[in-house]
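Visitor: Take this structure, written in structure tokens, and hold onto it; I'll ask about it next.
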Amino acid sequence: MFTNNQRQEERTGKHGTPRLQYLQELVSQFQNATDEETKERIVANLANFAYDPYNYTILRQLNVLELFVDCITEPNEKLVEFGIGGLCNACAEPKNVATIVEVDGIPFIIKCLSSPVRNTVNYALGALYYMCDYNRATREEILKAEVVDLIERYAAAESVSVSFSNLAKAFLDKHVHTNT
């Protein structure tokens with residue numbers, strides 16, 4: 001459920017932790033964490049906040065989108081999965097896409113298409129689906145022949161994964177087949 005100021009105030013009460021402070025505490029905990037399991041848990045938690053437009057400004061302010069991009073460059077598949085999940089959740093907002101583009105996140109998102117983790121691939125497809133609408137340069141960077149070829153293979157792999165296939169088909173229908 002999406003949040004607004006009134007709902008947020010009702011949920012936290014007058015003695016609750018404001019959202020900005022809570023998310024800042026999560027970011028600090030991540031930065032200070034030494035074990036992978038703690039980092040995974042925190043990134044998963046942050047990714048859950050990334051779907052709600054109420055949090056978008058706060059996430060940009062706290063550089064959480066950059067943190068997600070950093071996570072998708074890690075060898076830890078759980079951090080990659082949760083990082084790309086957070087990016088996917090946030091990509092419906094053009095300002096968030098701008099931030100991801102500014103930190104050169106697109107090549108790392110594209111790399112997630114080759115992950116052995118199904119959720120990671122689905123999140124990458126979803127993120128790229130939204131990011132293609134940002135601007136012409138972003139669209140051209142995403143719609144390179146090798147990326148389209150990979151997405152076409154996912155679209156054809158209905159017997160392997162219906163979710164990959166359906167999302168890939170939607171991507172191709174919106175961003176590739178309409179331009180030919």
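Visitor: Test Val27 against the stated conditions and say whether it is touching a residue at least 40 places away in the same chain (Cβ under 8 Å), hydrophobic (A, V, I, L, M, F, W, C) and more than 21 Å from Leu128 (Cβ to Cβ).
Guide: Details: touching a residue at least 40 places away in the same chain (Cβ under 8 Å): yes; hydrophobic (A, V, I, L, M, F, W, C): yes; more than 21 Å from Leu128 (Cβ to Cβ): yes.
Taking the combined requirement at face value, the residue satisfies it.
Visitor: Moving on. So which of Val80, Val103, Val69, Val121 is over 12 Å from the mean Cα position of the chain (by Cα) and of a type in the set (A, V, I, L, M)?
Guide: From the options Val80, Val103, Val69, Val121, the qualifying one is Val103.
Visitor: What's the total number of residues in the stretch 156-178 that are surrounded by 14 or more Cβ atoms within 10 Å (Cβ to Cβ), part of a helix (DSSP H, G or I) and modelled with pLDDT of 90 or more?
Guide: Number satisfying all stated conditions: 9.
Visitor: Let me ask something else. Take the conditions at pLDDT 95 or above, surrounded by 14 or more Cβ atoms within 10 Å (Cβ to Cβ) and over 16 Å from Arg118 (Cβ atoms) and apply them to Ile142. Does it pass?
Guide: On the way: at pLDDT 95 or above: yes; surrounded by 14 or more Cβ atoms within 10 Å (Cβ to Cβ): yes; over 16 Å from Arg118 (Cβ atoms): yes.
Yes, satisfied.
Visitor: Would you mention how many residues in the stretch 121-155 are of a type in the set (D, E, K, R), under 15 Å from Asp173 (Cβ atoms) and outside any helix (DSSP H, G or I)?
Guide: Of the residues in the stretch 121-155, 1 are of a type in the set (D, E, K, R), under 15 Å from Asp173 (Cβ atoms) and outside any helix (DSSP H, G or I).
Visitor: Hey, another quick one. Spot the failing condition for Gln8; the list is (1) over 24 Å from Ser115 (Cα atoms); (2) modelled with pLDDT of 95 or more, and only one is missed.
Guide: Result: Gln8 fails condition (2) only.
Visitor: Can I ask one more? Are any residues in the stretch 112-139 hydrophobic (A, V, I, L, M, F, W, C), closer than 21 Å to Asn96 by Cα and either in contact with a helix residue (DSSP H, G or I) (Cβ under 7 Å, 6 or more places away or on another chain) or surrounded by 13 or more Cβ atoms within 10 Å (Cβ to Cβ) (or both), and if so, which ones?
Guide: Of all residues in the stretch 112-139, those hydrophobic (A, V, I, L, M, F, W, C) come to 112-113, 117, 121, 124-125, 127-128, 131-132, 137.
Now narrow it down to the ones that are closer than 21 Å to Asn96 by Cα: 112-113, 121, 124-125, 127-128, 131-132, 137.
Listed by number, the residues that qualify are Cys112, Leu113, Val121, Ala124, Leu125, Ala127, Leu128, Met131, Cys132.
The values are calculated or read from the model by the stated rules, or taken from the named source; none is laboratory data. Model, not experiment: these values are computed from the prediction. So basically every Cβ, Gly included, is an ideal-geometry build from the backbone, and we count neighbours across all protein chains shown.
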